[in-house]
Amino acid sequence: MRLNELKPAPGAKKDRHRVGRGVGSGWGKTAGRGHKGQKARSGGFHKLGFEGGQMPLHRRLPKRGFNSPTREDVAEVRTSELQKLERSEIDLAALKEAGIVPRKALAAKVIASGKLERKLALKEIQVSKGARAMIEAAGGSIQLTEKVVEKKEKKAKKEKKAKPEGEAQA
């Protein structure tokens with residue numbers, strides 16, 4: 001058998017079902033659309049979830065919770081994962097290179113989970129209280145630069161023009 005002799009199994013390839021091709025086909029006249037109504041017309045389209053004017057299910061049900069658009073920007077790193085790393089100086093690039101943090105992560109936060117028994121130097125990585133205690137107990141260090149948040153000054157309100165005292169109010 002050669003590549004040019006390969007064929008699908010008999011009965012595996014069927015012709016496409018063609019509607020509206022005459023009475024003899026069994027799908028003539030209305031072509032499976034039934035009689036009249038919006039769905040029988042050309043361009044008769046219902047939005048997904050349309051219930052004939054009744055309030056659709058997805059609008060009847062309440063919304064629940066909060067879905068943060070930035071949830072996946074900060075990745076979690078366990079202390080047990082840091083223990084397995086061969087490097088002693090760890091930053092976000094090192095975590096991405098090791099595959100601990102996804103490539104699209106903008107930051108990482110270390111949480112206390114598992115054991116940490118070696119000295120580590122973390123740079124620009126957030127740390128929970130428990131993880132900070134574990135890292136410092138093992139003789140490690142955490143270097144974080146604080147981001148300065150600039151506050152915008154409010155515009156001064158315009159003072160109302162004072163009327164001269166000589167004018168009488170009407």
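Pairs, please: C-beta under 6 Å, at least 6 apart or cross-chain, first residue among the β-branched types (Val, Ile, Thr) and in segment 137-163, second at pLDDT 80 or above?
Close Cβ pairs satisfying both conditions: 142/122; 142/127.
Which pairs turn up if I take residues in segment 26-54 that are modelled with pLDDT under 90 and look for partners that are of a type in the set (A, V, I, L, M, F, W, C) with beta carbon separation below 9 Å, at least 6 apart in sequence or on another chain?
Listed pairs, sorted by first residue: 38/45; 39/45; 49/57; 51/57.
Any residue in segment 10-25 that is at negative phi sitting within a Cβ distance under 6 Å of a residue that is modelled with pLDDT of 90 or more and in a loop (DSSP other than H, G, I, E, B)? List the pairs, counting only those 6 or more apart or interchain.
19/27; 19/31; 19/32
Among 82, 48, 57, 61, which is the only one that is in contact with a strand residue (DSSP E or B) (Cβ under 9 Å, 6 or more places away or on another chain) and either surrounded by fewer than 12 Cβ atoms within 10 Å (Cβ to Cβ) or more than 30 Å from residue 123 (Cα to Cα) (or both)?
Exactly one of 82, 48, 57, 61 is in contact with a strand residue (DSSP E or B) (Cβ under 9 Å, 6 or more places away or on another chain) and either surrounded by fewer than 12 Cβ atoms within 10 Å (Cβ to Cβ) or more than 30 Å from residue 123 (Cα to Cα) (or both), namely 57.
Can you name the condition, by its number, that residue 106 falls short on among (1) without any contact (Cβ under 8 Å) to a residue 24 or more places away in the chain; (2) within 23 Å of residue 70 (Cβ to Cβ)?
Just one mismatch for residue 106, condition (1).
With respect to residue 141, determine if the residue is under 25 Å from residue 72 (Cβ atoms), at pLDDT 85 or above and of a type in the set (Gly, Ala, Ser).
Considered against the rule, which asks whether it is under 25 Å from residue 72 (Cβ atoms), at pLDDT 85 or above and of a type in the set (Gly, Ala, Ser), residue 141 comes out as no.
On the given criteria, is residue 70 within 22 Å of the chain's Cα centre (by Cα), modelled with pLDDT under 90 and either at positive phi or surrounded by fewer than 10 Cβ atoms within 10 Å (Cβ to Cβ) (or both)?
In short, yes.
The values are calculated or read from the model by the stated rules, or taken from the named source; none is laboratory data. The model shown is predicted, which means the values in this text are computed figures rather than measured ones. Using ideal geometry, Cβ is built from the backbone for each residue, glycine included, and neighbour counts are taken over all protein chains shown.
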